[in-house]
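Below is one structure; the comments refer to it alone.
Quick note: the coordinates plus some simple rules give every number you see, no bench work behind them. All values derive from a computational prediction rather than experimental measurement. Here the Cβ positions follow ideal geometry from the backbone for every residue, glycine too, while neighbour counts run over all protein chains shown.
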């Protein structure tokens, strides 16, 4: 068992290194000279530009530059071109925001989609089932940022019951979940929105398949009532495919977080990335992109681990 | 006939015709500013209202459709072509080639799509004039989104490769390229078409998202995404400025998704699971 997990983690390392090389290559073939972004090139002599390039190490051979970048990421010494803040501390400051939004999004999505999926799976072809099937197409076609804007207009401006921006009250210093909750409702809903019909559909299919299994008949014949059978026996088995879908959707969720953070002005990883991209602050963009890759790899490992928790039979294979 | 397919085709034909016929059907010039009628609600002369420069929203949506649709379609062509090429070669030849190509595909999938795109767009956008952004966006979107298609195609090729008739054409001396082009790809054309249709919708959404973030199509060119973004600060006074371009994105993407779903049912009635992902 332990060997399996060590193997899995070892396999993930070359993937991440490959990802870092890909990012480095993209930045190398990108036109333009990052050094001219630090000062107005029209006021610089050629010598000054040369000096500037040497000072930030752009004149070194490419492998040296790559190794230095990677070393910088690992030691936490890689710094933003602009603010000189380490990218590590920028990411650390943004993690609570992005994680809480994605977490609330997943929880809201599960709370809504599981009952929906179970209800639809119990009666295939019913009205609810057909609505659900049509709902998937409609929901995945709806741009998240438009939904966010509409929600802000409705709940923040019209009704004035929820904050439109920020992750916590302005005077807050820590990340207190109770204080953050009102701030997380709208971003969480926008994050959950595309997930709901997708998860509900997977739950529905899985519930429908599981209901046909022998052990369900056994459970009924033991005299268990329908609720117990559905929630204790059917749903637990049906959760396996649902969990794997969440794993597949993690990259999508993180991508969605970029938009959600922009709409609700949340200081998360997505917003840092977009701002750094617009200002062409390469070290920051590079760090956040590689960090997001770590998250995707980690999410896949966690999902595989959860399989074993939900369905003990999988552990043995 | 499948009703979803028909509705989808109707939407896309309407969107395409209005984009192509933009110079003749748009009521105003998309750039014409009527400063005295800024942020005007929908009226007889401005059916969908005006924006903060007094420009006609309807006309800008019609012209913006040219950008959104062509970026979506062209990027899809690149994404699906690369996807088919990688998927077919990987699935057909197997062994080392498969291993290398699939590791590379996994590499592309390790990045959340938006993060990779932001990196690429940020690196390249300064090298072109703002009005040419659309053209540089196409290869970027295409080259960052082929991995999903490649995986699907590879899986299909692996299935077809096992069939007896492939062995038969092999034994009569057909070359690899001929087998792939003439005997394998025609059998998975339905899978390719379905994934291509859905991909156009996804790419239109991604382009709109990037433009909304200020990284895609930029002013003065109108794209549905940057219209939504421009209207955002005016949401309180002028909801139409944001909502109508947003609806244009939604309806068009819905059209492509409906065609995709409809086609899937028409071409392969057995499949019904896992439509959305």
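Tabulated data
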{"read-out": "Neighbour-count ranking [beta-carbon atoms within 10 angstrom, fewest first] of B:63, B:224, A:16", "value": "A:16, B:63, B:224"}
{"read-out": "Packing-based order for A:86-99, B:6-19, using average beta carbon neighbours within 10 Å, highest first", "value": "A:86-99, B:6-19"}
{"read-out": "Peptide B:240-251, shielding by other chains (average Cβ, 10 Å cutoff)", "value": "3"}
{"read-out": "Longest to shortest principal axis, alpha-carbon extents of chain A, angstrom", "value": "86, 56, 36"}
{"read-out": "Within 10 Å of each Cβ in A:249-259, the average number of Cβ atoms from other chains", "value": "5"}
{"read-out": "Rg followed by Dmax, in Å, when the protein assembly as shown is reduced to its Cα trace", "value": "25.4, 87"}
{"read-out": "Neighbour-count ranking [beta-carbon atoms within 10 angstrom, fewest first] of B:267, B:69", "value": "B:267, B:69"}
{"read-out": "Among A:54, A:85, A:77: highest mean-square fluctuation, GNM of chain A, C-alpha pairs under 10 Å", "value": "A:54"}
{"read-out": "Using alpha-carbon coordinates, inclination of helix B:57-93 to the longest axis of chain B, degrees", "value": "10"}
{"read-out": "Within chain A, helix-based [θ] at 222 nm, where runs of 4 or more DSSP H residues each add -39,500 (n - 2.57), nearest 500", "value": "-23500 deg cm²/dmol"}
{"read-out": "Helix axis angle, B:239-267 relative to chain B longest principal axis, alpha carbon, degrees", "value": "20"}
{"read-out": "Per-q log10 I(q)/I(0), chain B, q = 0.09, 0.10, 0.14 Å⁻¹ (Debye; single scatterer per alpha-carbon; no solvent)", "value": "-0.50, -0.60, -1.01"}
{"read-out": "Least to most buried among B:25, B:160, A:167 (fewest other Cβ within 10 Å first)", "value": "B:25, B:160, A:167"}
{"read-out": "Degrees between helix B:189-213 axis and first principal axis of chain B (Cα, 0 to 90, nearest 10)", "value": "40"}
{"read-out": "Relative counts (whole %) of C-alpha pair distances in the stretch A:1-110, using bins that are 10 Å wide", "value": "11, 27, 32, 19, 8, 3, 0"}
{"read-out": "Protection proxy ranking, peptides A:190-199, B:205-214, average beta carbon neighbours within 10 Å, highest first", "value": "B:205-214, A:190-199"}
{"read-out": "Nitroxide proxy distance, nm - points 7 Å out along Cα→Cβ at residue A:71 and residue A:51", "value": "2.5"}
{"read-out": "Per-residue average of Cβ from other chains inside 10 Å of A:16-29", "value": "3"}
{"read-out": "Cα convex hull volume per residue for the stretch B:170-277 (Å³)", "value": "142"}
{"read-out": "Value of Rg/Rh across the stretch A:191-317 [Cα atoms, Kirkwood radius]", "value": "1.15"}
{"read-out": "Efficiency of FRET between residue B:36 and residue B:6 - r from beta-carbon atoms, R0 60 angstrom, step 0.05", "value": "0.85"}
{"read-out": "Where labels lie 7 Å past Cα in the beta-carbon direction, separation of residue A:83 and residue A:226 in nm", "value": "5.6"}
{"read-out": "The stretch B:99-142-the stretch A:229-270 distance, computed between alpha-carbon centres (Å)", "value": "24"}
